[in-house]
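S.K.: Below you will find the structure I want to go over with you.
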Amino acid sequence: MLADARIVLREQFLKADVGITGANFLIAETGQTVIVTNEGNGDLTQLLPRVHIALAGIEKVVPTLEDTMTIMRVLARSATGQEMSSYTTFSAGGRRKGDLDGPEAFHVVLLDNGRSKLLGSPTEDILRCIRCGCCLNACPVYGKIGGHAYGSTYSGPVGAVLTPSLAGLSEAHHLPNASSLCGRCEEVCPMRIPIPKMLRHFREEEVASGMAPASARRGIALWAWFASRPGLYRTMTSLTTGVLSLFGRKRGRFSSLPMAGAWTATRDLASPQGKSFQSQWARRSKS
Amino acid sequence: MSEARDAIFTRVRGGIPRSDDAAARRAVAERLAGHTRGLQPQRIAIDQEALVDLFAENAQAVDATVSFINSAGDLPDAIADYLRSRNMPAQAAIAPHPDLDGIDWSASTMEVHRRAPKADDRIGINRCFAAVAETGTLVMASGPDSPATMNFLPETHIAVVAASEIIGSYEDMWDRLRSANRGSGEALPRTVNMITGTSRTGDIEQTLQTGVHGPKALHIVVVKEG
Ligand code: SF4
């Protein structure tokens, strides 16, 4: 597969008139664009065609070369555990006098697309993200549901903040809810981005702006009512787990359940094994 | 286009609290002029000889092979030996670099073509600007004597570096590049390639495979003198 990809894509690289790359960083001090790859695909794309166009979001701007190197030291380590990716390339223009290769023209397109609006907003810290993906690897939710479930380019914790930030909360208000707020993303993030804080911000905004579906809001209100009455809460949960485990005993799971249709439409719900944690705890600490 | 640009700048200015006073401007100017570094790794606080060893160790850890020769004159035989051990033809594209031009290739079995690489060249030889011990990284600076495609097109990349060009950190490298380019009219080379090991990917079923689009093999020859 790899050998085929190499042969087929190599031909494309050699034939192309224009090569379009992204950029991991843009350096304000020197005007260089930086791409980081392990494959070398970005380099063939920018070296072989006549024109190189680099397209990058404005948040990729880093003040100086020295600042960039500080970030480089954490990028690969956080992304793949390598000390450094195979290829890090700094480009500062088109072919110069006497050069034997390289693009004749070099063009950088700076993309805003909602980024400047985040400045000064509660989620502006996400603009620091270097897309290392470390928070994805640390996230228990991402680990279970995988990347496609997030429905946009960026998945995992960073996606749950970035997608509603850029596309608008109304487009993706379910994403900030897909989190247990365990905080591992923030703990591992090399850029120290407070992701859980931003997820909570979006949840508050979702409720405040009335985006959360009425059924969900009623459900949570009901839950809160029970949760603030521990005795009643315990009675209700042990009753529910008892009933569910009784009905689910044979198969060990449910493929349809009243009021949980949205869940069981795409996956089974495991049936509880009988006793709640609280009741087991009480029983074991007695004996 | 400039309309978009103005709108973006207006939003950026509105979003970032700015202090326009002289002290802030001076701080920025000083930071730029002084090339202020971030935290430097502890592992490079060693002498030059140890740096050379550290470089070789780190480069080998990312699947590069490293050999040492005593003088540039030994290069043709060293490269011919390497290629023979890999069962590869003694034929290569070579960068038109003065240091490589000065070598008598005719005495060895090597057949070298002094030009930018073509798509079907299997082996490419070029000259490094420097090598960074911190992570075993080669630094290639593009120019008339160093076509950047040499780093990517041939399946086997052979890079030549002098032991004295092995430095500790990435920031040391930028200092060197800046002073090497002083007076040339260009602050920095068009392309600077930092190369750490061979081309690889984990994209296909998450298993590590090498030689994706760039070289399958990277061989580094360290010249001890000059
Ligand atoms: S949020 Fe942090 S950990 Fe996640 S991709 Fe961005 S920089 Fe990496």
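The values are calculated or read from the model by the stated rules, or taken from the named source; none is laboratory data. Please read all numbers here as calculations on a predicted model, not as lab measurements. So basically every Cβ, Gly included, is an ideal-geometry build from the backbone, and we count neighbours across all protein chains shown. SASA here: full protein model, heavy atoms, side chains in, ligands and nucleic acids out. Shrake-Rupley method; radii C 1.70, N 1.55, O 1.52, S 1.80 Å.
S.K.: If you take the beta carbon distance between B:Ala7 and A:Lys286 as r and set R0 to 51 Å, what does 1/(1 + (r/R0)^6) give as a FRET efficiency, to the nearest 0.05? Provide the component values of the computation, followed by the final result.
M.R.: Working: r = 69 Å, r/R0 = 1.35.
According to the calculation, E is roughly 0.15.
S.K.: Determine which residues of segment A:12-38 fall in the zone a paramagnetic label at B:Ala119 would reach in this model, i.e. backbone nitrogen under 16 Å from the point 7 Å along Cα→Cβ.
M.R.: What the label zone holds, given the 16 Å backbone N cut-off, is A:12-19.
S.K.: What percent does the relative contact order of chain B come to when contacts are Cα pairs within less than 8 Å and at least six residues apart?
M.R.: Relative contact order here is 24 percent.
S.K.: Here is a further query. Among B:Met140, B:Met88, B:Met150, whose mean-square fluctuation peaks in a Gaussian network model of chain B (Cα, cutoff 10 Å)?
M.R.: Largest GNM mean-square fluctuation: B:Met88.
S.K.: Using a/c under 1.5 as the rounded threshold, could you call segment A:216-286 rounded, prolate or oblate? The axes a ≥ b ≥ c are square roots of the C-alpha gyration tensor eigenvalues, and prolate needs a/b larger than b/c, oblate otherwise. Mind showing how you got there, number by number?
M.R.: Numbers: a/c = 2.86, a/b = 1.17, b/c = 2.44.
Oblate, because a/c is 1.5 or more while a/b does not exceed b/c.
S.K.: Still on this structure, please answer the following. Using only atoms on other chains, find how many Cβ atoms lie within 10 Å of each Cβ of peptide A:70-82 and report the average. It would help to have the intermediate numbers written out before the result.
M.R.: Details: counts 6, 1, 4, 8, 0, 0, 2, 0, 0, 0, 3, 0, 6.
Mean shielding count: 2.
S.K.: Ranked from highest to lowest mean number of other Cβ atoms within 10 Å per residue, what is the order of the peptides A:81-91, B:35-45, B:106-116? Please list the in-between numbers first.
M.R.: Details: A:81-91: 23.0, B:35-45: 13.3, B:106-116: 15.2.
So the peptides A:81-91, B:35-45, B:106-116, ranked by packing, come out A:81-91, B:106-116, B:35-45.
S.K.: Let me ask something additional. Computed over the Cα atoms of chain B, what is the ratio Rg over Rh, Rh following Kirkwood? Before the final figure, lay out the partial values.
M.R.: Working: Rg = 21.1 Å, Rh = 19.8 Å.
Using only Cα positions, Rg/Rh for chain B is 1.07.
S.K.: I'd like the orientation of helix B:170-181 relative to chain B: the angle between its Cα long axis and the longest Cα principal axis, in ° from 0 to 90, rounded to 10.
M.R.: 90 degrees
S.K.: Would you mind checking which residues have amide H under 5 Å from A:Met191's amide H? H placed 1.01 Å from N; only 5 or more apart, or other chain.
M.R.: Result for A:Met191 returns nothing.
S.K.: Let me ask something else about it. Would you please state the base-10 log of I(q)/I(0) at q = 0.12, 0.18, 0.20, 0.23 1/Å for segment A:116-212, with intensities from the Debye formula using one equal scatterer on every alpha carbon?
M.R.: With no solvent term, the Cα-only Debye profile gives -0.32, -0.74, -0.93, -1.26.
S.K.: Follow-up. Give me the residues in segment B:156-205 whose solvent-accessible area, probe 1.4 Å, is reduced by at least 50 Å² once all protein chains are included instead of the chain isolated.
M.R.: B:Tyr170, B:Glu171, B:Trp174, B:Leu188, B:Arg190, B:Met194, B:Thr196, B:Arg200, B:Ile204
S.K.: Moving on. Tell me the angle of helix A:2-15 to the major Cα principal axis of chain A, expressed in degrees between 0 and 90 and rounded to the nearest ten.
M.R.: It is inclined by approximately 50 degrees.
S.K.: Quick check: pseudo-label points 7 Å beyond the Cα along Cα→Cβ at A:Glu11 and B:Ala45, how many nm apart are they?
M.R.: Simple spin-label model gives 5.6 nm for this pair.
S.K.: A further question on this structure: Per 0.36 nm of contour for each residue apart, how much would the distance between B:Arg31 and B:Glu111 grow if the chain were fully extended, relative to their Cα-Cα spacing?
M.R.: Values: separation 80, 0.36 × 80 = 28.80 nm, distance 4.95 nm.
Computed gain between B:Arg31 and B:Glu111 is 23.9 nm.
S.K.: Could you list which residues have their amide H under 5 Å from that of A:Thr21, counting only those 5 or more apart in sequence or on another chain, with H placed in the peptide plane?
M.R.: A:Ile53, A:Ala54, A:Leu55
S.K.: Across the residues of A:45-53, average count of Cβ atoms on other protein chains within 10 Å? Intermediate results must be reported in sequence, preceding the final value.
M.R.: Details: counts 1, 2, 9, 4, 0, 0, 0, 0, 0.
Per residue, the number of nearby Cβ atoms from other chains is 2 on average.
S.K.: What accessible area per residue, rounded to a whole number of Å², is obtained for the protein assembly as shown using a probe radius of 1.4 Å?
M.R.: Numbers: 26310 Å² over 513 residues.
Heavy-atom SASA per residue in the protein assembly as shown reads 51 Å².
S.K.: Multiply the residue gap between B:Ser67 and B:Ile16 by 0.36 nm, knock off their C-alpha separation, and tell me the result in nm, one decimal place. Don't skip to the end; give the middle numbers.
M.R.: Working: separation 51, 0.36 × 51 = 18.36 nm, distance 5.19 nm.
Between B:Ser67 and B:Ile16, full extension yields 13.2 nm more.
S.K.: Okay, next question. Taking Cα atoms, how many degrees apart are the long axis of helix B:75-85 and the longest axis of chain B, rounded to 10 and kept between 0 and 90?
M.R.: With both axes taken from Cα atoms, the answer is about 70 degrees.
S.K.: Would you mind putting A:235-244, B:120-129, B:163-172 in packing order, based on average other-beta-carbon counts within 10 Å, highest first? Walk me through the numbers on the way to the answer.
M.R.: Values: A:235-244: 14.1, B:120-129: 21.5, B:163-172: 19.8.
Output ranking for A:235-244, B:120-129, B:163-172: B:120-129, B:163-172, A:235-244.
S.K.: For segment A:6-34 and segment B:36-113, what is the separation of their Cα centres, given in Å?
M.R.: 27 Å
S.K.: Taking 8 Å as the Cα distance limit and 6 or more residues as the minimum spacing, I'd like the relative contact order of chain A as a percentage.
M.R.: Values: 388 pairs, mean separation 33.7, N = 287.
In percent, rounded to a whole number, it is 12.
S.K.: Cross-link partners among lysines for A:Lys15, C-alpha distance below 18 Å, same-chain residues fewer than 8 apart left out?
M.R.: In chain and number order, the partners are B:Lys118.
S.K.: In vacuum, with every alpha carbon of the protein assembly as shown counted as one equal point scatterer, what does the Debye formula give for log10 I(q)/I(0) at q = 0.07, 0.12 Å⁻¹? Two decimals, please.
M.R.: Reported log10 I(q)/I(0), two decimals: -0.51, -1.13.
S.K.: To the nearest whole number, what is the average tally of beta carbon atoms from other chains within 10 Å of the beta carbons of peptide B:148-154?
M.R.: Numbers: counts 9, 7, 2, 5, 10, 9, 0.
Mean number of neighbouring Cβ atoms from other chains: 6.
S.K.: While we're looking at this one, here's another question. If R₀ is 22 angstrom, what is the calculated FRET efficiency for the pair A:Ala262 and A:Met236, using the beta carbon separation as r and rounding to 0.05?
M.R.: Working: r = 22 Å, r/R0 = 0.98.
Result of the calculation: an efficiency of 0.50.
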